[in-house]
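Just so it is clear, none of the values below were taken in a lab; they were calculated from the coordinates. This one's a predicted model, so the numbers in the text were calculated from it and none came from an experiment. Note: ideal-geometry Cβ built from the backbone for every residue, glycine included; neighbour counts use all protein chains shown.
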Amino acid sequence: MLKKKPMRSCVITKEKLEKKDLLRIVRNKDGIVSLDITGKASGKGAYLKKDEEVILKARQNKILDRVLETTIPDEIYEEMLNIVNK
């Protein structure tokens, strides 16, 4: 039997993609926002497609601020852009 691949939606494009094609940003119970490389960190999470345009659009529209109900530091966006551009 084939194992089902976990699908998640990008908060910008609304596309359903596999977890490996997305970046997860998480806000823990202390309000600290981080990039979740493992995909297993606890807290409220949001997914973004691994695409420079999508990340820049998220930063411009402050959609992650709304979804995670906090202010996302610029370092998080820089970290995501570095991962996508590698």
Residue list for the stretch 58-74, filter: hydroxyl-bearing (Ser, Thr, Tyr) and out of contact with any Gly (no Cβ under 9 Å at 6 or more places or on another chain): Thr71
Wholly within the chain, helices (runs of 4 or more DSSP H) carrying at least 2 residues that are over 12 Å from the mean Cα position of the chain (by Cα) and surrounded by 11 or more Cβ atoms within 10 Å (Cβ to Cβ): 52-61, 74-84
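Quick grid of which residues meet (1) touching a strand residue (DSSP E or B) at 6+ places or on another chain (Cβ under 8 Å); (2) in contact (Cβ under 8 Å) with a residue 40 or more places away in the chain:
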{"site": "Ser9", "(1), (2)": "yes, no"}
{"site": "Thr13", "(1), (2)": "yes, yes"}
{"site": "Leu22", "(1), (2)": "yes, no"}
{"site": "Ile32", "(1), (2)": "no, no"}
{"site": "Glu52", "(1), (2)": "no, no"}
{"site": "Arg59", "(1), (2)": "no, no"}
{"site": "Tyr77", "(1), (2)": "no, no"}
